[in-house]
Amino acid sequence: MDVTIRNAAESDLEAIVDAYNTSIDSRNSTCDTQYVSAESRRTWLLSATESRPIWVAELDSKVVGYLSFSNFMNDRPGYSITADMGLYIHSDYHGMGVGKALLGKAIDYCPSVGIETIATTIFDSNEASKKLFFGFGFEQWGHMPRVARLDGIEKDLIMVGLRIVDKHAGSTETTS
């Protein structure tokens, strides 16, 4: 199946929320425990910018998932080269290449808007997400044991990251 990726529009909000809410059901990719509403996500959707876009993925003209970029570490200016990323696929469409299409586009897009590093967190028990991200060269940058509890089950969280400039344009000099 061919995945179409485009900027999210306000008319996509219900489908975006539907995809996200299936992740709440799974208890494997978010700490939200109650469904979110379209209205509660409207401001977030409308806050998308060229450098921090929200994209939807379509299969057969149906929105089945999304990827969002956000500022890293509470919008502190020194972190502007790093984007936090969220990636959610409706559970009916897992394993169909939607996540691969979105993540591949994100990695290719980042240099054009000055993003040098992508970071995100994943439940350590989420093998599918780990396989996806590690398959694109992300590395585990941190481990936070038992930081969440869902339905009485404690969850570990890992931070994963990818240094885009190293992957696309060679290394840049950094100092500690």
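Worth a mention:
- Using 0.36 nm per residue and subtracting the Cα-Cα separation, the extra length available between Asp156 and Ser11 on full extension is 48.7 nm.
- For the chain, the solvent-accessible area works out to 55 Å² per residue, with a probe of 1.4 Å and every protein chain left in place.
- Sites Asn74 and Asp18, calculated FRET efficiency, Cβ-Cβ separation with R0 41 Å, nearest 0.05: 0.90
- Global geometry of region 36-174, whether rounded, prolate or oblate, following the gyration tensor of its Cα atoms and the 1.5 cut on a/c: rounded
- Each of Phe136 and Asp32 was given a label point 7 Å from its Cα along the Cα-to-Cβ line. The distance between the two points is 2.0 nm.
- Region 52-105, accessible surface, carbon-and-sulfur percent (1.4 angstrom probe): 46 percent
- Chymotrypsin sites (Phe, Trp or Tyr not before Pro) restricted to DSSP loop in region 1-83 with at most 14 other C-beta within 10 Å: Tyr35
- DSSP loop GluC sites (Glu not before Pro) with at most 10 other Cβ within 10 Å: longest gap in the chain: 51-172
- Rounded if a/c under 1.5, otherwise prolate or oblate - region 1-83, Cα gyration tensor axes: oblate
- Ser91 versus Arg52: modelled label distance in nm, points set 7 Å from Cα along the beta carbon direction: 3.0 nm
The values are calculated or read from the model by the stated rules, or taken from the named source; none is laboratory data. What you are looking at is a predicted structure, and each value in this text was computed from that prediction instead of being measured. Don't worry about glycine lacking a Cβ; one is built from the backbone with ideal geometry, like all the others, and counts go over all protein chains shown. Surface accessibility is based on the protein's heavy atoms, side chains included, excluding ligands, DNA and RNA. Shrake-Rupley method; radii C 1.70, N 1.55, O 1.52, S 1.80 Å.
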